[in-house]
2 protein chains.
Amino acid sequence: MSDQPVLVVGGGPAGLEAARSVADLGEKVILVEKADVLGGNPILASYAALTPDMENAEEAMQRMIDALAGDDLVTIRTGSTVVGAEGSAPDLKVKIAGAAGEETLDVSTAIICTGFQHFDPGRETQMYGYYEYDDVITLVDAERMLKAGGFKRPSTGEDPKRVCFIQCVGSRDRQIGNQWCSKVCCGIACKEAIEIRDFLPDCKVFVFYIDMRMYGFWEDQIYWKAQEEKKVNFIRGIVTEITKRGDTVVVKGEDTTMGRPVEVPMDVVVLSVGMEPSEGTLEMAKIFDLPLESHGFIETVGGPLNTVCTAREGIFAAGAAVGPADLEDSISMAGAAAMKAVGYLRRLART
Amino acid sequence: MSDQPVLVVGGGPAGLEAARSVADLGEKVILVEKADVLGGNPILASYAALTPDMENAEEAMQRMIDALAGDDLVTIRTGSTVVGAEGSAPDLKVKIAGAAGEETLDVSTAIICTGFQHFDPGRETQMYGYYEYDDVITLVDAERMLKAGGFKRPSTGEDPKRVCFIQCVGSRDRQIGNQWCSKVCCGIACKEAIEIRDFLPDCKVFVFYIDMRMYGFWEDQIYWKAQEEKKVNFIRGIVTEITKRGDTVVVKGEDTTMGRPVEVPMDVVVLSVGMEPSEGTLEMAKIFDLPLESHGFIETVGGPLNTVCTAREGIFAAGAAVGPADLEDSISMAGAAAMKAVGYLRRLART
């Protein structure tokens, strides 16, 4: 229909789904990904299994990548970044920089799928001891271990006897300026807790939380499963300090259900770090001149009844580039964004 | 491309978005809605304002309805139900019953957008006193009052001085068999609490909750707004009984943060009722031979990476027909389902 391809920026779950969808609708698409490989965070951050159904993350992402292979409508540029954009849809000129230098491409519309980055727990606050203590790790570090096939104390390489998760690290936290809930960390912590208990039946696992936000089917798919089948201990509480005593990590805080202070030794502490807009998301906002919403993600317009249109006509966004998103959100939004992009071109062609 | 239209069943937010999207992609679509008007629950259940941005629900839905008007690709049948289906996509024969009798139509694919129904708090448990006490109402009854422009004690017509919300009525409840979290009730209760405080600055408003599931931006858009600006009181607790004393309703239970029993008189109690699959959803599952997932909603296949495909090729589903969904979910899924339906037809045409 249009001669110029739709540009999809970002090769994670949302970007892969957006590209597949545009091609399914019969339009050309070019997918630009900064990394040398496709797959986004599930691959780059070595996720073990996807929430909630525990599918192997590498296999799942490979299936999405394979679905693009051999399609004449699809062009893929890995190791490349969009470094400039001029004009307006349906006549955008974008400059793409890669290993082979720079090229300028004509594209019709753009779908920004540049996602999130994991909060760095050492950046703004030292209270969690992430950079001081080997046995304080993040959800992401835990994924990497689980993917490698086990769960060990980083300091000793031995099986831990007591592990705890601390929720809302870098989320729901005004002191550091992150005034949002990152939506998925409760589910991912429960998923990892289940995996740890599978590897280490003798290890006690605790989750310190403010609210367990196990919305929808996650409630019984992972929350009750963790609590009842896997005997994970959920403690409503606020952690105020993490220190070291001997070779254990000591978590201090308040058990708000029991109304008493807690001070518990742990072998490993897992910080449930939240989502922030990725560097790529902020870069694309600048390059495509897209306003950010109040939390710093790309703003969509139209409230809950329009989830993928940005302030600029013909420029769409999907997934965690516009705010905390689970995989289902990212995939649905990517499909919707592809529909909007192609629908926009069809409307132009009809008028 | 295809001569036969795509069938969309259900005229709520998801169905309206799916129909608009199919037509935007250049395919014919027929939208079948059981009620005599379009708009779904926001209209039929008289919602006041949409969560989280407080847009007038009637205006928002009218905008979606208007967007379909005058499009040659769109046919609308209100007051009609699908009563039979034969064959397989892309050659489905569906029987539609309406005021003018029955007709059989050839359609290519179908998108089921038949949504949810609100849990009936008197059906399985009498503990909440919904059918006994006038001043015990549901979130839906409250919407109706707020839409009419105020919030009164049903028993007296006077302004209430104390109102409480009770969360998770018909959700997270094994006794009644509803083992899921309905996802949106925390947000809607906060939204209504804000509206009540706007109408009645002298009224104290309480929310009894297990976990406040204010995911993503709802955290500060409505939760902190309710708590800080509007001084709504959030009490973590379990309600065990609602009784009457004099002309007040007494809520008995346990404040689990303070670890003590509570017994508080209220002028109005609002039950935050959850989502169940609607009758229409269960009907369509039977007629189109679609398996249900373990909670009784229509099953989608492919886990988090495929949110709208059912077990049957060429039959898609979107919104709360497949599980608890907020408006954003419904809209994104509807766009994605339209993309999948049209993509399916395009692929057939190419091969």
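Every read-out reported here was derived from the displayed coordinates using simple, explicitly stated rules and does not represent laboratory data. Just so it is clear, the model here is predicted, and its values are computed rather than measured. As a convention, Cβ positions derive from the backbone with ideal geometry for all residues, glycine included, and neighbour counts pool all protein chains shown.
Within 10 Å of the Cβ of each residue in B:297-306, the mean number of Cβ atoms contributed by other protein chains is 5.
Residue-wise HN-Hα couplings along region A:300-310, as the Karplus relation 6.51 cos²θ - 1.76 cosθ + 1.60 with θ = phi - 60° gives them from phi, are 9, 10, x, x, x, 9, 8, 8, 10, 8, 8 Hz; Gly and Pro carry x. With its label point defined 7 Å out from Cα along the Cα-to-Cβ axis, residue B:87 lies at 4.3 nm from the matching points of the other copies, in increasing order. Sorted shortest first, the distances from the residue B:148 label point to those of the same residue in the other copies are 6.5 nm; each point sits 7 Å from Cα along Cα-to-Cβ. In this structure, the amide hydrogen of residue B:180, modeled 1.01 Å from its nitrogen in the peptide plane, lies closer than 5 angstrom to those of B:172, B:173, counting only residues at least 5 positions away or on a different chain.
Under 5 Å from the amide H of residue B:7 lie the amide H atoms of B:30, B:108, B:109, B:110, B:111, each residue being 5 or more positions distant or on a separate chain, with H modelled from the backbone and absent for Pro and chain starts.
In sequence order, region B:63-74 has phi-based couplings of 4, 5, 5, 4, 5, 8, 5, x, 8, 4, 7, 10 Hz under the Karplus curve 6.51 cos²θ - 1.76 cosθ + 1.60, θ = phi - 60°, and Gly or Pro positions carry x. Whole-Hz Karplus values for region B:162-178 come out as 9, 10, 10, 9, 10, 7, 6, 8, x, 10, 6, 9, 6, 4, 9, x, 9 Hz, taken residue by residue from phi with 6.51 cos²θ - 1.76 cosθ + 1.60 and θ = phi - 60°; glycine and proline positions read x. As a length-normalised measure over Cα pairs under 8 Å and 6 or more apart, the relative contact order of region B:120-274 settles at 31 percent. Neighbouring Cβ atoms from other chains, within 10 Å of the Cβ of residues in B:17-26, number 5 on average.
Partners of residue B:340 within straight-line reach, counting aspartates and glutamates whose Cα lies under 12 Å from its Cα and excluding those fewer than 8 residues away in the same chain: A:17, A:24, B:313. Which of B:335, B:216, B:150 ends up with the largest GNM mean-square fluctuation for chain B, with Cα atoms connected below 10 Å? Greatest mean-square fluctuation among the candidates belongs to B:216. Based on every Cα atom in region A:120-274, Rg and the maximum pairwise Cα distance Dmax equal 14.4, 42 Å. For chain A, the alpha carbon convex hull comes to 140 Å³ per residue, rounded to a whole number. Comparing A:16, A:200, A:38 in a Gaussian network model of chain A, where Cα atoms under 10 Å apart are tied by springs, the biggest mean-square fluctuation is seen for A:200. Charges were assigned to the Cβ only: +1 to each Lys and Arg, -1 to each Asp and Glu. The resulting dipole of the protein assembly as shown about its Cα centre is roughly 720 debye.
Measuring between alpha carbons in the structure, the pairs from B:147/B:183; A:161/A:231; A:161/B:183; A:191/B:183 lying more than 26 angstrom apart are A:161/B:183.
The length gained by stretching the chain between residue B:173 and residue B:127 to full extension, at 0.36 nm per residue less their Cα-Cα distance, is 15.2 nm. Rounded to the nearest 5, the antiparallel percentage of DSSP beta bridges internal to chain B is 55%.
Given +1 at the Cβ of Lys and Arg, -1 at the Cβ of Asp and Glu and no other charges, the dipole of chain B around its Cα centre is 540 debye to the nearest 20. Here the relative contact order of region B:276-351, from alpha carbon pairs under 8 Å that lie six or more residues apart, stands at 23 percent. Against the main long axis of the alpha-carbon atoms of chain B, helix B:139-148 sits at an angle near 90°.
Cross-link candidates for residue B:95: which lysines have Cα within less than 20 Å, leaving aside residues fewer than 8 places away along the same chain? Partners within reach: B:28, B:34, B:286. Sorted shortest first, the distances from the residue B:103 label point to those of the same residue in the other copies are 5.1 nm; each point sits 7 Å from Cα along Cα-to-Cβ. Straight-line reach from residue A:230: taking Cα to Cα under 15 Å and skipping same-chain neighbours fewer than 8 places apart, the aspartates and glutamates in range are A:192, A:195, A:198, A:202, A:219, A:220.
Projecting the Cα atoms of B:223, B:271, B:151 onto the dipole axis of region B:120-274, where Lys and Arg carry +1 and Asp and Glu carry -1 at the beta carbon, places B:223 farthest toward the positive end. In this structure, the amide hydrogen of residue A:257, modeled 1.01 Å from its nitrogen in the peptide plane, lies closer than 5 angstrom to those of A:236, counting only residues at least 5 positions away or on a different chain. Rounded to the nearest 20 debye, the dipole size of region A:147-282 about its Cα centre is 140 debye, using +1 on the Cβ of Lys and Arg and -1 on the Cβ of Asp and Glu. By the Cα gyration tensor, the protein assembly as shown has an equivalent ellipsoid whose semi-axes, rounded to whole angstrom, run 39, 36, 22 from largest to smallest.
For chain A, relative contact order (Cα pairs under 8 Å, six or more residues apart, normalised by length) works out to 21 percent. Dipole of the protein assembly as shown computed with +1 at Lys/Arg Cβ and -1 at Asp/Glu Cβ about the Cα centre; of B:178, A:301, B:61, farthest Cα towards the positive end is B:178.
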